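The values are calculated or read from the model by the stated rules, or taken from the named source; none is laboratory data. Computed from a predicted model, the values in this text were never measured in an experiment. Cβ coordinates were reconstructed from backbone atoms using ideal geometry, including for glycine residues, and neighbour counts include every protein chain displayed. For the accessible areas, the whole protein counts, side chains as well, though only heavy atoms, and no ligand, DNA or RNA atoms are used. Shrake-Rupley method; radii C 1.70, N 1.55, O 1.52, S 1.80 Å.
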Amino acid sequence: MKLKYFKDIVERHLEIKISTPSRKFEYIFARSCYYYLCRKYTKSSFAKISSTLNKNHATVIHGLKELPYILKQRKDLKETFNLILAEADKNYIHKNTKMTIDQLI
């Protein structure tokens, strides 16, 4: 899956452009969600993920470390994060599951 796919999911749910250079909390949270999806579903390096948003690889690492604390403190954002994750899961499994007839039986 392409990284742009995950970027689109996050942007659609949070209604912002995550590549906007801003330190506002809503952008930080959105980018952290994006980093999480990219690491969970792809084998992309921190450098590759960071380059899609004109960030440094250390920013990706920091965003991933902070995400659990954000979700613990903000229950409303945890619900949003779970919706984003559910959509990514659903579409990822649907697009990447190729079974033969014999496997289905």
Of the residues in segment 6-44, those that are polar (S, T, N, Q) and at pLDDT below 95 come to S19, T20, S22, T42, S44
Residue hits (segment 1-45; of a type in the set (D, E) and open to solvent by 40 Å² or more (accessible area, probe 1.4 Å)) are D8, E15, E26
Selection from segment 1-52 of residues assigned to a loop (DSSP other than H, G, I, E, B), touching a residue at least 24 places away in the same chain (Cβ under 8 Å) and among the aliphatic types (A, V, I, L, M) yields M1, I18
Taking segment 53-67 and the residues there that are among the polar types (S, T, N, Q) and outside any helix (DSSP H, G or I), the one that is farthest from L14 (Cα to Cα) would be N56
Subset of segment 1-42, residues among the charged types (D, E, K, R) and in contact with an Asp or Glu (Cβ under 8 Å, 6 or more places away or on another chain), comes to K17
